[in-house]
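Read the figures in this text as sums done on the coordinates, not as results from a lab. Computed from a prediction, not measured in an experiment: that's the story for all the values here. Neighbour counts are summed over all protein chains in view; Cβ atoms, including those assigned to glycine, are modelled from backbone coordinates with ideal geometry.
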Amino acid sequence: MSDAETTDPVVDEVVEDDAAAEGGEPAANAKSVLEYLVKQVVDDPEAVSVSTSEGRRGGIQLDVRVGEGDMGRVIGKRGRIAQSIRTVVRAAAVKDDTTVDIEFVD
């Protein structure tokens, strides 16, 4: 199976559009993918915000804030949704040639 068959065209379009709008921000692809995924899970996508800062091991830290009552939906049972989001976003960060840490902030 080739990459073209395994990627979602909607995600690819979101990543390309947001990365161009970011103007070269570090981890722009990872941030775009993170925002997209979290907005798909929550009830109030307008309340989702992602901020970047210097990470612990020389990478980038992405802090996610969601609306009231949506944190449980993002974390999921036993943290499965959050872990899945982290896995996908870390894979997207490879395209940015960086590492990311993701924190879900109340």
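Would you be able to say whether some residue in segment 34-47 is in a helix (DSSP H, G or I) and in contact with a Lys or Arg (Cβ under 7 Å, 6 or more places away or on another chain)? Yes, the conditions are met somewhere in segment 34-47. Summed over segment 48-106, the residues that are among the small types (Gly, Ala, Ser) and assigned to a strand (DSSP E or B) give a count of 3.
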